[in-house]
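Student: Pasting a structure here, questions to come.
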Amino acid sequence: MKKALVATFALAALVAIALVSGRAAAAPAATQDTSLTGTGSSFVFPLVSKWIPAVGQAYGINLTYSLTGSGAGIAGVTARTVDFGASDAPLSADQLTACKSCVVIPWALSATSIPYNVPGLGGRLRIDGATLSNIYLGKITNWNDAAIKKLNPKLSLPNLKITPVFRSDSSGTTYNFTEYLSSVSSEFRSKVGNNTAVNFPTGVGARGSAGVAGVVSKTEGALTYVDVAYSLTNHFTFAAIKNRAGAYALPGLRGIKQAVSQLPKKVTSLSQLKIVDPPKSAGKQAYPISTFTYVIVPTNSKSAGDVRKLVYWAVTQGQQFGPPLLFQPLPVTVQAFAYREIKKIQGV
Amino acid sequence: MSTIDDSAAPGAGLAGTGLERRGLRLGDTLFRGVALAASAGSAFLLGWIAFKVLDLAWPSIEEFGLSFIWTDAWDPVTEQFGALAFVYGTALTSAIALVLAVPISIGIALFLTELAPRRVAAPIATMVELLAAIPSVVLGLWGILVFGPWVAQHLEPLLQNYLGFLPIFSGSPSQAGILPAALVLTIMIVPIASAICRELFLRVPRDLTDGALALGSTRWESIRGVTLAYAAPGIAAAVLLGLGRAFGEAIAVTQVIGGGNSINVSWFATGDTLASRIASQYQGATSQLQAGSILYLAAILMAISLVTNVVAQVIVRRFEKARRAA
Amino acid sequence: MSTVAETIDPYDITQRSNGLRRRRITEKLMGVLAIGSALAAVGILALVLGTVIYKGIDALDADFFTQPRPLFGAEGGIADALVGSALIVAMCVIFAVPVAVLVAIYMAEYASPRVSVFLRIVLDVLNGVPAIVVGIFIFGILVVGHGQSAIFGALALAILMLPMVARATQEVLEVIPRSLREASLALGVTKWRTTTSIVLPAAVGGILTGVVIAVARVAGETAPLLFTSSIAANQVSTDVFHALPTLPVAIFTFADSADPADQARGWAAALVLIVFVLVTNILAKVFSRGRAGR
């Protein structure tokens, strides 16, 4: 009986300590009275991480963001389990209806890199859309395949199996990647298609940008698609992709900037923001797998006013945090589009 | 005049003032009512869970009907969904895990009850219990970072070297796939099954085993003929309980199975189980139909777990009845 | 001529029997296999624990216990996850234990045998519901429309804990001798007072053991928390009306990362979790032994 009492007191003491220390440590946060929760794209997570402390200082907004994949971001905001969702894939017509008066606003711009783990190459890998499609369709299975050799005559390609790695969760990066592959390969478009989650015929799945990056770093011969901020932070080598101008482009700021150079002067709808596989006129350094990433906001929720402040800040001052993480600041036409959409957020 | 009120509820005891008697009955009724409410609530909760799963799965049940269970498809782009690949994955990983775990568990239990001196048996029994206590997320962490790579770099090439003619060991070694997942499940099942087996073997009447030994059987023969035969229903129940655990394990499996979409003969290939697919895709379902389909997987999982559970209980109950009658 | 196995003379042709030699070999073989199985189990345990300790111990510094989980590319620890887990588990115990004890009391004291069997089946089936289904259930009825919160997470864990504690309590209650209850009733104590003041205190040790074991199980559950309390700020918070970070979910997230620092944090967090689970298990053993001794 005594032992039981002792144990109960111990448990209670533990909880008390937890509460006290929690309160003490959370004290600074207590001064921030608004808290916003968002979820979704892991693509935009590096940038949002930089925004969290900044937005806290600017508006006193306690921003919480967790990565669950673009699909979960869309589902979360539709079910109103979060205040906003982040997705690299724009909403389909069905999803927009299901979300019930949500607006979709582009708030960052970056690119999907193709990192690989092939030791002893002696240079950067060059690849084009057709070869990449064939790898993910399972038609090219070895690094010393003729198609890859043709594009990389100077590299020493080993006899190593290719392990294509894909996102097993619902991912906007998958959307971006499959959008590119679908536009350069009709076979890919008909066999696999373009969505946040597709049925890849071959390869290994992993969850989140961190997951695919993790598999690539541990598996020789692996290749995947992940946003360039992750490649950069994990010191991966990524491939140079052939664009329509015939040159091989890298997912740097210049590559992304040229990719968006062909946008119309006034952007009126999201469908005009498709920037994969840009035309020849975009430039020699245009990177073919660039993408905008979007925030999805209900126009009439309780927290709409605060989200409006957040999104406005994000598309203006937030953009300056982008370049070190290879997020290109939004072009002026897109910013103007964003302003117009932000106005639709009324608040209750 | 009798002061004992026999119309009172049991425990009302000797009569006091009328008010006191009413108060006592109130306490009893209230308490019984609260306890009844808790029990009814638990039963209701179980029903509610089953109902809610079916309710959320309804869009998919309506669309695909029962054929969902044996359709091999999972394409969010064309909105074609079917559970066969995951039923296969669940069945295969659990089967491999069982085939490996049951002999090992029986071996451990026999070691602890027959071979080991008591001083050795106690700490080893504790260690096996501790193996059961390791949270599945820690096994998953170990699986992704240590075990999976080891399987890919050492175990699978070894199997392919010696048994590569078998189609199940064909294909290229991968650190995420059916085999690593099945092995992790084995590690999870062994402690549970061996604990149950140990209890069973301890309860086998000594006179039966002694009789076998007296008749000239070796230790092993008496174990095989008496202990195992006697405990067979219990072992079956232990197997089923382990199976139930294997079916429902989502976290550790999803971390090492690789999220594949199709049925593959090779055990090195990626795949997915019902629980693991639910864990990895539920939050990101992009359409009502996909969300519904994932819940349909949950409904299938629940049905399988239910059946396994009930069968295990029936076996145990019949076992106990037979034992009591004997 | 009776031949007891042990006195076979290998040089006497009339007594030698290949069958016997084969049986002895089989016996030895089975012995070796049994020992091998036990060694394999111990070996795996040592391997897993060893790896966790070896890889996690370096990351265990003061920062680890006082800093919240880091944002992208920053430094941090698991302080927020520790606080979150402690709160959620505490709430889970508060939600589950009273209900579980009441159910057990009803089964042991009030219910007819058939109702009792029915409830036993209900509890066993509830125990067999996979944790992930429980997570989806709470998600479907509570999180949708309201957002995640630590309370919902605690409710999901409470559903998992309920059958374990109820069964343990019921078994303890059944062991308490009938004479205790009958003596109390004979003295005029009401049934409910008997149960709460006489029977329950006698059962407290066993109930506590059951609770401690259930806590050890539930503290490591990840799946229900993924759906109910996974989107949480990277700072220490005690606001239970919002989602709080938890240790199992943190380990789950760290496991996927390519960043070696994150992986190191994952191992260290796993070490903390394992230590907690082991300590609680040992505590439960100490309780039950203390009870048995009394």
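The values are calculated or read from the model by the stated rules, or taken from the named source; none is laboratory data. Please read all numbers here as calculations on a predicted model, not as lab measurements. When we count neighbours, we look across all protein chains shown, and the Cβ atoms used for this are built from the backbone with ideal geometry, even at glycine. Please note that ligands, DNA and RNA were not included when accessible areas were found on the heavy atoms of the full protein model with its side chains. Shrake-Rupley method; radii C 1.70, N 1.55, O 1.52, S 1.80 Å.
Student: If r is the Cβ-Cβ distance from B:GLU199 to A:ASN300 and R0 is 51 Å, what FRET efficiency results, to the nearest 0.05?
Tutor: Approximately 0.25, to the nearest 0.05.
Student: Can I ask one more? How big is segment B:255-301 in terms of Cα radius of gyration and Dmax, in angstroms?
Tutor: Every Cα atom of segment B:255-301 included, Rg and Dmax give 11.3, 33 Å.
Student: Pop a pseudo-label 7 angstrom from the Cα along the beta-carbon direction at both A:GLN346 and B:ALA91 and give the gap in nm to one decimal.
Tutor: About 5.5 nm, to one decimal.
Student: Given R₀ = 56 Å, what would the calculated FRET efficiency be for B:TRP70 paired with C:ALA74, taking r from the Cβ atoms and rounding to 0.05?
Tutor: Efficiency at R0 = 56 Å is approximately 0.70.
Student: In addition: For the protein assembly as shown, what is the accessible area per residue in Å² when the probe is 1.4 Å?
Tutor: 41 Å²
Student: May I ask which residue of C:ALA156, C:PRO68, C:LEU283 lies farthest towards the positive end of the charge dipole of chain C, with charges of +1 (Lys, Arg) and -1 (Asp, Glu) on Cβ and the Cα centre as origin?
Tutor: Farthest along the dipole direction, towards plus: C:LEU283.
Student: At a probe radius of 1.4 Å, figure out the C/A buried accessible area, summed over both chains, and give it in Å² to the nearest 100.
Tutor: The summed interface area works out to 2900 Å².
Student: Rounded, prolate or oblate, given the Cα gyration tensor of segment B:195-326, with a/c below 1.5 counting as rounded?
Tutor: prolate
Student: Can you compute the modelled spin-label distance between A:GLU187 and B:VAL34, with each label point 7 Å from Cα toward Cβ, in nm?
Tutor: With each label placed 7 Å out from Cα toward Cβ, I get 7.2 nm.
Student: Let me ask something else about it. With charges only on Cβ, +1 for K and R and -1 for D and E, what is the dipole size of chain A about its Cα centre, in debye, rounded to 20?
Tutor: With Lys and Arg at +1 and Asp and Glu at -1, about 400 debye.
Student: On to the next question. If I stretch the segment between A:TYR339 and A:LEU121 completely, what's the gain in nm (0.36 nm per residue apart, minus their alpha carbon distance), one decimal?
Tutor: Here the segment from A:TYR339 to A:LEU121 would lengthen by 73.8 nm.
Student: If you bin every alpha carbon distance in segment C:132-186 into 10 Å steps from zero, what whole percent lands in each bin?
Tutor: 20, 31, 19, 16, 13, 2
Student: So if I take the centroid of the Cα atoms in segment B:205-271 and the same for segment C:184-224, what is the distance between those two points in Å?
Tutor: 33 Å
Student: Here is a follow-up. For C:ALA261 and B:TRP150, what does the FRET efficiency come to when R0 = 22 Å and r is the distance between their Cβ atoms, rounded to the nearest 0.05?
Tutor: Approximately 0.45, to the nearest 0.05.
Student: Put a dot 7 Å past each Cα toward the Cβ at B:ALA232 and C:LEU29; how far apart are the dots in nm?
Tutor: About 2.2 nm, to one decimal.
Student: Moving on. Which of these, A:GLY255, A:GLY85, A:GLY122, has the largest mean-square fluctuation under a Gaussian network model of chain A (Cα springs below 10 Å)?
Tutor: Highest fluctuation of the listed residues: A:GLY122.
Student: For the charge dipole of the protein assembly as shown, defined by +1 on Lys and Arg C-beta atoms and -1 on Asp and Glu C-beta atoms about the Cα centroid, which residue among B:ALA229, B:PRO123, A:THR173 has the Cα displaced farthest towards the positive pole?
Tutor: Highest projection toward the positive end goes to A:THR173.
Student: Counting every Cα pair in segment C:94-180, what percent are over 22 Å apart?
Tutor: Here the long-distance tail beyond 22 Å is 35 percent of all Cα pairs in segment C:94-180.
Student: In whole Å and largest first, what semi-axes does the C-alpha gyration tensor of chain C yield when each eigenvalue is scaled by 5 and square-rooted?
Tutor: In descending order, the three semi-axes are 43, 36, 17 Å.
Student: In addition: What Cys residues in the protein assembly as shown have no fellow cysteine's beta-carbon under 4.7 angstrom?
Tutor: That list is B:CYS197, C:CYS92.
Student: Of A:LYS257/A:LYS344; A:LYS50/A:LYS257; A:LYS100/A:LYS191; A:LYS139/C:LYS55, which sit over 30 Å apart, Cα to Cα?
Tutor: Pairs exceeding 30 Å: A:LYS100/A:LYS191; A:LYS139/C:LYS55.
Student: Okay, moving on. Using only the alpha carbons of chain B, what is the convex hull's orientation-averaged projected area in square nanometres?
Tutor: Mean projected area of the Cα convex hull: 27.1 nm².
Student: Now, a different point. Size of the dipole of the protein assembly as shown about the Cα centre, Lys and Arg at +1 and Asp and Glu at -1 on the beta carbon, nothing else charged, in debye to 20?
Tutor: On the way: 73 positive and 53 negative charges, 51 e Å.
The calculated dipole for the protein assembly as shown is roughly 240 debye.
Student: What full-extension length gain, to one decimal in nm, is calculated for C:VAL286 and C:ALA62 as 0.36 nm per residue of separation minus the Cα-Cα distance?
Tutor: Separation in residues times 0.36 nm, less the Cα-Cα distance, equals 77.6 nm.
Student: Give the relative contact order (percent, whole number) for chain B; include only Cα pairs under 8 Å separated by 6+ residues.
Tutor: For chain B, the relative contact order is 25 percent.
Student: With N set to the number of residues, divide the alpha-carbon radius of gyration of segment C:174-280 by 2.2 N^0.38 Å and report two decimals.
Tutor: 1.68
Student: First check a/c for segment B:114-272, with a ≥ b ≥ c the square roots of the eigenvalues of its C-alpha gyration tensor; if it is under 1.5, answer rounded, and if not, answer prolate when a/b is larger than b/c or oblate otherwise.
Tutor: Cα axes put segment B:114-272 in the prolate bin.
Student: Let me ask something else about it. Once the Cα gyration tensor of segment B:169-221 is diagonalised, what are the square roots of 5 times its eigenvalues, in whole Å and ordered largest first, as equivalent ellipsoid semi-axes?
Tutor: Semi-axes from the Cα gyration tensor: 40, 16, 5 Å.
Student: Can you pull out the buried accessible area for chains B and C, both sides counted, probe 1.4 Å, rounded to the nearest 100 Å²?
Tutor: Values: alone 18270 and 17290 Å², together 29020 Å².
Accessible area lost upon association: around 6500 Å².
Student: For the pairs A:LYS149/A:LYS218; A:LYS149/A:LYS280; A:LYS242/A:LYS265; B:LYS52/C:LYS191; A:LYS150/A:LYS265; A:LYS266/A:LYS309, note any where the Cα-Cα span goes beyond 29 Å.
Tutor: Working: A:LYS149/A:LYS218 24 Å; A:LYS149/A:LYS280 25 Å; A:LYS242/A:LYS265 27 Å; B:LYS52/C:LYS191 38 Å; A:LYS150/A:LYS265 39 Å; A:LYS266/A:LYS309 24 Å.
Exceeds cut-off: B:LYS52/C:LYS191; A:LYS150/A:LYS265.
Student: Could you work out the pair-distance distribution P(r) of segment A:202-348 from its alpha-carbon pairs, with 5 angstrom bin width and percents rounded to whole numbers?
Tutor: The calculated distribution, bin by bin, is 2, 9, 16, 16, 17, 16, 13, 8, 4, 1, 0.
Student: Now for a different question. Less than 16 Å from a label point 7 Å out along the Cα-to-Cβ axis of A:LYS154: which backbone N atoms in segment A:89-127 qualify, by residue?
Tutor: A:121-127
Student: Where Rh is the Kirkwood radius over the Cα pairs of segment C:6-158, the temperature 4 °C and the viscosity 1.567 mPa s, what D in µm²/s does Stokes-Einstein return?
Tutor: 58 µm²/s
Student: Right, something else. Placing unit charges on C-beta atoms (Lys and Arg positive, Asp and Glu negative, everything else neutral), compute the dipole magnitude of segment A:137-282 about its Cα centre in debye, rounded to 20.
Tutor: Result for segment A:137-282 is approximately 460 debye, rounded to the nearest 20.
Student: Give me log10 I(q)/I(0) at q = 0.08, 0.10 Å⁻¹ for the protein assembly as shown, Debye formula, one equal scatterer per alpha-carbon, no solvent.
Tutor: Rounded to two decimals, the profile gives -0.81, -1.18.
Student: Could I ask something else about it? When you take every Cα atom in chain A, what is the radius of gyration, and what is Dmax, the widest Cα pair distance, in Å?
Tutor: Answer for chain A, Rg first and Dmax second: 22.4, 83 Å.
Student: Taking just the alpha carbons, could you work out the radius of gyration and Dmax for segment A:103-178, both in angstroms?
Tutor: Radius of gyration, then largest Cα-Cα span, for segment A:103-178: 14.8, 49 Å.
Student: Please give the residues from segment A:144-188 for which the solvent-accessible area of heavy atoms, probe 1.4 Å, is smaller by at least 50 Å² with all protein chains in place than with the chain isolated.
Tutor: A:SER168
Student: Compute the Cα gyration tensor for segment B:76-121, then decide on rounded, prolate or oblate, letting a ≥ b ≥ c be the square roots of its eigenvalues: rounded whenever a/c is under 1.5, prolate when a/b is larger than b/c in the other cases, and oblate in all that remain.
Tutor: Prolate is the answer for segment B:76-121, as a/c is 1.5 or above and a/b outweighs b/c.
Student: In addition: Projecting each Cα onto the charge dipole of the protein assembly as shown (Lys/Arg +1, Asp/Glu -1 at the beta carbon, about the Cα centre), which of B:LEU141, B:PRO103, A:VAL216 comes out farthest on the positive side?
Tutor: Ranked along the dipole, the leading option is A:VAL216.
Student: Additional query: Can you tell me the convex hull volume per residue for segment A:235-322, based on C-alpha atoms, in Å³ to the nearest whole number?
Tutor: That works out to 128 Å³ per residue.
Student: So for A:TYR248, A:TYR65, A:TYR59, what's the accessible-area order with a 1.4 Å probe, most first?
Tutor: So the residues, ranked largest to smallest area, are A:TYR59, A:TYR248, A:TYR65.
Student: Shielding of A:64-73 by partners, i.e. mean partner chain Cβ atoms within 10 Å per residue? Please report the intermediate quantities before stating the final value.
Tutor: On the way: counts 9, 4, 10, 4, 5, 5, 2, 9, 8, 2.
The shielding value for this peptide is 6.
Student: Go from 0 up to the bin containing the longest alpha carbon distance in segment A:121-223, width 5 Å each, and give me the % of pairs per bin.
Tutor: Calculated over all Cα pairs of segment A:121-223, the distribution is 2, 13, 22, 24, 21, 13, 5, 0 percent.
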